[in-house]
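The values are calculated or read from the model by the stated rules, or taken from the named source; none is laboratory data. Everything numeric in this text was worked out from a predicted model, so none of it was measured. Virtual Cβ from ideal backbone geometry, glycine too; neighbours counted across all protein chains shown. Heads up: the accessible areas ignore ligands, DNA and RNA and are worked out on the full protein's heavy atoms, side chains in. Shrake-Rupley method; radii C 1.70, N 1.55, O 1.52, S 1.80 Å.
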4 protein chains.
Amino acid sequence: MTVNVGVIGVGMIGQDHIRRLTSVVSGAKVVAVTDVNAEQAAQVADSVDAEVFATGQELIDDAAVDAVIVCSWGPTHEEYVLAAIAADKPVFCEKPLATSQEACLRIIDAETALGHRVVQVGYMRRYDPAYRAMKAVIDSGDIGAPTMVHAAHRNPSVPGHYTREMAITDTAVHDIDTTRWLLGEEIVGARVLKPRKNSLGGDLEDPLLLVFETESGVLFDVETNVNIRYGYDIRGEVVGERGTVSLAESTPTLVRRGGTFAGRVTEDWRERFIRAYDIEFQEWIDAVAGNGRLGPSSWDGYAAAAVSDAAVEALHNNSQVGIKLIDKPDLYN
Amino acid sequence: MTVNVGVIGVGMIGQDHIRRLTSVVSGAKVVAVTDVNAEQAAQVADSVDAEVFATGQELIDDAAVDAVIVCSWGPTHEEYVLAAIAADKPVFCEKPLATSQEACLRIIDAETALGHRVVQVGYMRRYDPAYRAMKAVIDSGDIGAPTMVHAAHRNPSVPGHYTREMAITDTAVHDIDTTRWLLGEEIVGARVLKPRKNSLGGDLEDPLLLVFETESGVLFDVETNVNIRYGYDIRGEVVGERGTVSLAESTPTLVRRGGTFAGRVTEDWRERFIRAYDIEFQEWIDAVAGNGRLGPSSWDGYAAAAVSDAAVEALHNNSQVGIKLIDKPDLYN
Amino acid sequence: MTVNVGVIGVGMIGQDHIRRLTSVVSGAKVVAVTDVNAEQAAQVADSVDAEVFATGQELIDDAAVDAVIVCSWGPTHEEYVLAAIAADKPVFCEKPLATSQEACLRIIDAETALGHRVVQVGYMRRYDPAYRAMKAVIDSGDIGAPTMVHAAHRNPSVPGHYTREMAITDTAVHDIDTTRWLLGEEIVGARVLKPRKNSLGGDLEDPLLLVFETESGVLFDVETNVNIRYGYDIRGEVVGERGTVSLAESTPTLVRRGGTFAGRVTEDWRERFIRAYDIEFQEWIDAVAGNGRLGPSSWDGYAAAAVSDAAVEALHNNSQVGIKLIDKPDLYN
Amino acid sequence: MTVNVGVIGVGMIGQDHIRRLTSVVSGAKVVAVTDVNAEQAAQVADSVDAEVFATGQELIDDAAVDAVIVCSWGPTHEEYVLAAIAADKPVFCEKPLATSQEACLRIIDAETALGHRVVQVGYMRRYDPAYRAMKAVIDSGDIGAPTMVHAAHRNPSVPGHYTREMAITDTAVHDIDTTRWLLGEEIVGARVLKPRKNSLGGDLEDPLLLVFETESGVLFDVETNVNIRYGYDIRGEVVGERGTVSLAESTPTLVRRGGTFAGRVTEDWRERFIRAYDIEFQEWIDAVAGNGRLGPSSWDGYAAAAVSDAAVEALHNNSQVGIKLIDKPDLYN
């Protein structure tokens, strides 16, 4: 069975997902696209022999579309996800699920009313083989119950429009989701510590040290450091009562030369997480086709938003900010 | 465009490739199968909605079949590959290409007469990301011209029918192909050194140390060690004039526990090379569809056979055995 | 020239230093000992053919004693160090220099009045080859100016009398000194974050995450985790503007066995820092003999005390505590 | 107790050992020196306040000399070692013990006649912490009985007078001794394989691949590669029936910078084995003083000579050469 997919938003990320569905993922076909830029939509549609729709709503409603991918501009996510829920069609929404907690809650309400899950949010790290291995170690009990998590999220550089808030909402939000998932519990507090600025980042308040606390009291610190030049480097260690598990270096080779032995650091998120994206979409298509389960849910999107909001407040106010989620609907257990 | 594939031989490996083409690879569809075991053929065909053919020849000749995969019993490979060449259809043949050098040469003759390549042999290591990175380092010139290659091919255990010759023809043959490809030159000599037996392998003469020499004088040693219990471990280092490149540990995580920090060794060849197989078939399908080039050729199959034969002779005679290949047809340059 | 050393306090650590001076360090001879336990003093003296003194003061004043080591009970350190300053004799004082900042300042005053340094404090990590290599990388400028330091100080277990304050004053104090030395600047703020308790440590509030800030704004976090069972593990990474440097695994071998490759984690501080202690004492003896310079100073002892005091206050009050040192006397520049 | 040492030969290595005995090792004093270069002898003697002797024989016979170190020119070793045996004084002889097997046997005869060991040969790798850890793993039985040993001995460059034979007698001889010691058995066969030349070494036949066989059939290969530029790199892996143990990277730090993470390769043998030398001499002095046992014996010196000779013959004749040692005198068991 082939899943016929409609894609809303065919910018850089949308096009990458279309390429993935077409050339990498098995069992999928892109049959419909739409974009505010009609010309671009037409061009992309042409390249994969898909139909162009004037609006996301029309695309979602079309009978030929089995499942929807939303990778349009963030502020439009809520509308399209709600429309997909209304149409009872599986929808994969790139992060963020929506741009406010309230919007996320409206989505949760709609999906809960529908009575079964259709929404998946694009937290691809859960599909990364190293993170999965890390989770398996934690779940095995080998290192004992976690007490702390240390992480670092380093980028070589960021574009000029990047703000300090984006270090939380765009960058650390992945670590927030990953930690919630690794530990299987919610984050209930956030604070932000501010080291001296990296001069390579100009005026940007960078790096930051975010410190979160979970329900059970696990402390989770993550360094965001987005102008560190040397590479895209994602580090993580979960500290348990009797041991720890950390992400290993992911270099394919070691080169001995000129007084050193050296491994490669990945260049950017594409290189680091390409496998995660491929697996994410393959498993989503499989789940849509009835083989397997959907991944990160509306609840995960809401929780990530709530934690991010708290961290942004902590950044602005130099304070410790508590996080109180609504009661979790049964649908998400 | 979808490539319609016919599969000859639906034993364990054939079934695995069918699963891969169906659930992993993009752009392929299994439309035809055949097997000496008609019942099994019928069952597998049913599961993927393919047609069953009574013979490989009929399958190859069917107009619905765009490309052929041969994973039947080794002695049948020659016949099916020749038939595919006669039909001018792309054929992916699992190793070995054929069971004798003479048979390989008949295939080369037929393909040369056809005038363009249609055959690809299943040396999947060339698609492994770590080996590809290793080749990129060599080709960059960073370590200087190679002088030696050290390798080890370790299996936790082998089945009872495994013979010492198979350590060459089934096991080290992968290392032979990889080294030819990494260095871009032919192997011209072989000898086999025999350490004391590993008692865990019973009467099997195991491990062995194979030592090959290339055209330019590079010395290539590979340890085959197929009862070493601890895991499936593929090691390799290419030594250049001013540096070396080696395969890095491929563990996803490091676990600190009980006095050690530890990474994972892969359990079997499936785990170690699953990505290589996936990429191999995706690139083969892409090449068949006109996007990209075919991989390991009939020439590579022939050369591997010639080197293996020499090594088996060296094993039997405790001697250094020279290898003389025919002149390489232009088709393979 | 042989340096004749008098040792005040011959408990476990004193005896270890005597062994070191006698069997490892070159150019030293233990000629005098004293201890509140006269019997133990006599026994130890006998074993190395040294003279026993009734009091530290008498030992310090004896003409045969060139240099003094103080490893008696912490509360007695001030008195003996001041006596050594009064006698103008080099004195090596195990940490802490004294049990209060005020006492440290009295020592600084006395030494400043004397006009030249005689005091060295036992911060042995500055002699550890790995930390020295780390400092060389920082000083080379290769990673750019530091912005953050991440560290962990893990012990397999601690004795029953260990308190949460000791995680700062006995454990993290080493990391405090190391970071001051690595960065070449003072720490000006401290706070303590509290993860959930490790149940293996009983009622002890353990682990902790201490976060310090330096003059230039570098953020330095250190995990203390003293019941983690798996080993004695000292981790550290200095994050610079364009790179980082971290302590490497220090295992001598890698063992491949049973599905893993594994290196060794050191068992206790003795194993981890034995070389640092040996080098520390050799360099101290050399410096006393006129070849080389003294190591960590009274100022370092005072600064460590001030930072520890602030961290203990932060622990008690759950607050961010500032640290204001006196102006640094020229003697220590 | 202080051991009074006389040093025969005060060239570069002799001076380094004198520095070590004077400034690093505890319990030793250099009281006598001699050298064919009388002026140099006088200068060195002056610097450590030792007496100069006109000949090695006079130095050995002097009552003030408790123990002798021989680091004069190789051809003189036999004479001085025999003289020390005659005088019943402990003698540490730098490798080689003597320049022929026959000379080694004369030393063995003399020492056997004396009835107790006085000779130790300078195979310092047995004191290297990593090799000791490797031996502990082998002896634990964790990896099962050894079947193979892989090693590499790489130097950045060698002086102009270095010959291909020296790759065996000066370079690989260390690996020969180490392997005999690690495995606790003798080497009985040698052959030499010749890769293409490294052009950086000019006309020198370099690298080489030496392959040895032990009594029990363990195969031991060692790459000598003495112009490889990138550093001084000693690699080793012992392969057992169910696992392996290898020397780990010995870098103190990892630096992340410019797209790589990198550790340090040691620059030369001094850096790599400085600890081994220090421990070697400390343990030798301790043994001479009655605390501990002597290290590598005359037997080890003889066996290394016999194996080296065989390898040189194998190099010259391109043949497999057998090694037959005399029966081992009880003194060396």
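List the pairs whose first member sits in segment C:290-303 and is in contact (Cβ under 8 Å) with a residue 12 or more places away in the chain, whose second member is among the small types (G, A, S), and whose Cβ atoms are under 8 Å apart, counting only residues at least 6 apart or on separate chains?
Cβ pairs passing all conditions: C:L294/C:A287; C:G295/C:A287; C:P296/C:G122; C:G301/C:A98.
Suppose we filter segment A:156-173 for residues that are under 20 Å from A:F220 (Cα atoms) and open to solvent by 20 Å² or more (accessible area, probe 1.4 Å); how many remain?
As a first pass, look at segment A:156-173 and keep what is under 20 Å from A:F220 (Cα atoms): A:164-173.
With open to solvent by 20 Å² or more (accessible area, probe 1.4 Å) added as a condition, the list becomes A:164-166, A:169-170.
Residues that pass the stated criteria total 5.
Residues being within 14 Å of chain D (Cβ to nearest Cβ) and not hydrophobic (A, V, I, L, M, F, W, C): count how many of those fall in segment C:22-37. Can you show your working first?
Residues of segment C:22-37 within 14 Å of chain D (Cβ to nearest Cβ): C:22-30.
Among the residues that remain, those that are also not hydrophobic (A, V, I, L, M, F, W, C) are: C:22-23, C:26-27, C:29.
Number satisfying all stated conditions: 5.
Just one of A:V44, A:V119, A:V33, A:V48 is closer than 26 Å to A:N333 by Cβ and of a type in the set (A, V, I, L, M, F, W, C); which is it? Explain how you work it out, then say what you get.
Values: A:V44 fails: closer than 26 Å to A:N333 by Cβ; A:V33 fails: closer than 26 Å to A:N333 by Cβ; A:V48 fails: closer than 26 Å to A:N333 by Cβ.
Residue meeting the stated conditions: A:V119.
Evaluate the following for A:D175: is it under 22 Å from A:E237 (Cβ atoms) and more than 12 Å from every other protein chain (Cβ to nearest Cβ)?
Criteria met by A:D175.
Out of the residues in segment D:301-324 meeting the condition of being small (G, A, S) and open to solvent by 30 Å² or more (accessible area, probe 1.4 Å), tell me which one is modelled with the highest pLDDT.
Among them, the one singled out is D:G322.
Within segment B:110-137, take every residue that is in contact with a Pro (Cβ under 9 Å, 6 or more places away or on another chain) and more than 30 Å from A:R257 (Cα to Cα) and give me the one that is farthest from the other protein chains (Cβ to nearest Cβ).
B:T112
Whether any residue in segment A:221-241 is in contact with a strand residue (DSSP E or B) (Cβ under 6 Å, 6 or more places away or on another chain), of a type in the set (S, T, Y) and open to solvent by 10 Å² or more (accessible area, probe 1.4 Å) is what I want to check.
No, that holds for no residue.
Quick one: count up the residues across segment A:187-200 that are facing chain C (nearest Cβ under 10 Å) and aliphatic (A, V, I, L, M). Talk me through it step by step, then tell me what you get.
Let us first name the residues in segment A:187-200 that are facing chain C (nearest Cβ under 10 Å), namely A:191, A:193-200.
Filter again for aliphatic (A, V, I, L, M), leaving A:193, A:200.
Number satisfying all stated conditions: 2.
For the list (1) facing another protein chain (nearest Cβ under 9 Å); (2) at positive phi, I need the number of the one condition that D:L219 fails.
(2)
So that you can scan it fast, the table gives a plain yes or no per residue for (1) within 14 Å of chain B (Cβ to nearest Cβ); (2) open to solvent by 10 Å² or more (accessible area, probe 1.4 Å):
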site	(1), (2)
A:M12	no, yes
A:R20	yes, no
A:E39	no, yes
A:V68	no, no
A:P75	no, yes
A:E79	no, yes
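Restricted to segment A:125-143, and to residues that are of a type in the set (D, E, K, R) and in contact with an Asp or Glu (Cβ under 8 Å, 6 or more places away or on another chain), which residue is least open to solvent (accessible area, probe 1.4 Å)?
Looking at residues that are of a type in the set (D, E, K, R) and in contact with an Asp or Glu (Cβ under 8 Å, 6 or more places away or on another chain), I get A:R125.
With respect to C:S298, is the statement that it is over 19 Å from D:A130 (Cβ atoms), surrounded by fewer than 21 Cβ atoms within 10 Å (Cβ to Cβ) and among the hydroxyl-bearing types (S, T, Y) true?
no
If you take the residues in segment A:242-253 that are open to solvent by 20 Å² or more (accessible area, probe 1.4 Å) and of a type in the set (G, A, S), which one is nearest to C:E237 (Cα to Cα)?
Looking at residues that are open to solvent by 20 Å² or more (accessible area, probe 1.4 Å) and of a type in the set (G, A, S), I get A:A248.
Quick one: count up the residues across segment A:201-216 that are of a type in the set (A, V, I, L, M), more than 7 Å from every other protein chain (Cβ to nearest Cβ) and out of contact with any helix residue (DSSP H, G or I) (no Cβ under 6 Å at 6 or more places or on another chain).
Residues meeting the conditions: 1.
Could you grab the pairs with beta carbons closer than 7 Å, sequence gap of 6+ or different chains, first residue in segment C:195-211 and surrounded by 18 or more Cβ atoms within 10 Å (Cβ to Cβ), second one in a helix (DSSP H, G or I) and of a type outside the set (S, T, Y)?
These pairs meet every condition: C:D206/C:A167; C:L208/C:A167; C:L210/C:I168; C:L210/C:A172; C:L210/C:A311.
When both residues are 6+ apart or on different chains and their Cβ atoms are under 6 Å apart, which pairs have a first residue that lies in segment A:82-108 and is more than 16 Å from A:Q120 (Cβ to Cβ), and a second that is open to solvent by less than 30 Å² (accessible area, probe 1.4 Å)?
Pairs found: A:T99/A:G74; A:Q101/A:A305; A:Q101/A:A306.
Suppose the filter is touching a Leu at 6+ places or on another chain (Cβ under 7 Å) and under 21 Å from B:G290 (Cα atoms); does B:V31 pass it?
no
Would you check if A:R154 is within 18 Å of the chain's Cα centre (by Cα), within 14 Å of chain B (Cβ to nearest Cβ) and among the charged types (D, E, K, R)?
It is false that A:R154 is within 18 Å of the chain's Cα centre (by Cα), within 14 Å of chain B (Cβ to nearest Cβ) and among the charged types (D, E, K, R).
For B:R275, work out the one condition from (1) open to solvent by 30 Å² or more (accessible area, probe 1.4 Å); (2) in contact with a strand residue (DSSP E or B) (Cβ under 9 Å, 6 or more places away or on another chain); (3) facing another protein chain (nearest Cβ under 9 Å); (4) of a type outside the set (A, V, I, L, M, F, W, C) it doesn't fulfil.
Every listed condition holds for B:R275 apart from (2).
Filter segment D:234-247 for residues that are hydrophobic (A, V, I, L, M, F, W, C) and either more than 7 Å from chain C (Cβ to nearest Cβ) or out of contact with any helix residue (DSSP H, G or I) (no Cβ under 7 Å at 6 or more places or on another chain) (or both); which is farthest from C:T260 (Cα to Cα)?
So, considering only residues that are hydrophobic (A, V, I, L, M, F, W, C) and either more than 7 Å from chain C (Cβ to nearest Cβ) or out of contact with any helix residue (DSSP H, G or I) (no Cβ under 7 Å at 6 or more places or on another chain) (or both), the one farthest from C:T260 (Cα to Cα) is D:I234.
Do we have B:G184 as open to solvent by 50 Å² or more (accessible area, probe 1.4 Å), over 27 Å from A:E249 (Cβ atoms), at pLDDT 95 or above and away from chain D (no Cβ under 13 Å) here?
Considered against the rule, which asks whether it is open to solvent by 50 Å² or more (accessible area, probe 1.4 Å), over 27 Å from A:E249 (Cβ atoms), at pLDDT 95 or above and away from chain D (no Cβ under 13 Å), B:G184 comes out as yes.
I'd like to know if segment C:252-260 contains one or more residues that are over 18 Å from the mean Cα position of the chain (by Cα), farther than 30 Å from B:S157 by Cα, modelled with pLDDT of 95 or more and facing another protein chain (nearest Cβ under 7 Å).
no
Tell me the residue from A:E283, A:E267 that is open to solvent by 60 Å² or more (accessible area, probe 1.4 Å) and closer than 30 Å to B:E241 by Cβ, please.
One residue alone meets the criteria, A:E267.
Among the residues of segment B:81-99, which ones are surrounded by 23 or more Cβ atoms within 10 Å (Cβ to Cβ) and of a type in the set (D, E)?
none
Among the numbered conditions (1) touching a residue at least 60 places away in the same chain (Cβ under 8 Å); (2) within 14 Å of chain D (Cβ to nearest Cβ); (3) out of contact with any Pro (no Cβ under 6 Å at 6 or more places or on another chain), tell me where C:S140 comes up short.
(1)
Under 6 Å between Cβ atoms, at least 6 apart or on separate chains: pull out the pairs that start in segment C:151-179 with a residue that is within 15 Å of C:L204 (Cβ to Cβ) and at pLDDT below 95 and end on any residue that is open to solvent by less than 10 Å² (accessible area, probe 1.4 Å) and basic (K, R).
From residues that are within 15 Å of C:L204 (Cβ to Cβ) and at pLDDT below 95, there are no pairs.
Report yes if some residue within segment C:226-233 is more than 7 Å from chain A (Cβ to nearest Cβ), part of a strand (DSSP E or B), within 20 Å of C:V158 (Cα to Cα) and of a type in the set (D, E, K, R); otherwise report no.
Looking only at segment C:226-233, we keep the residues that are more than 7 Å from chain A (Cβ to nearest Cβ), and these are C:226-227, C:231-233.
From what is left, the residues that are part of a strand (DSSP E or B) are C:233.
Checking the rest, the ones that are also within 20 Å of C:V158 (Cα to Cα) come to C:233.
From the residues that got through so far, the ones that are of a type in the set (D, E, K, R) too are C:233.
For segment C:226-233, residues more than 7 Å from chain A (Cβ to nearest Cβ), part of a strand (DSSP E or B), within 20 Å of C:V158 (Cα to Cα) and of a type in the set (D, E, K, R): present.
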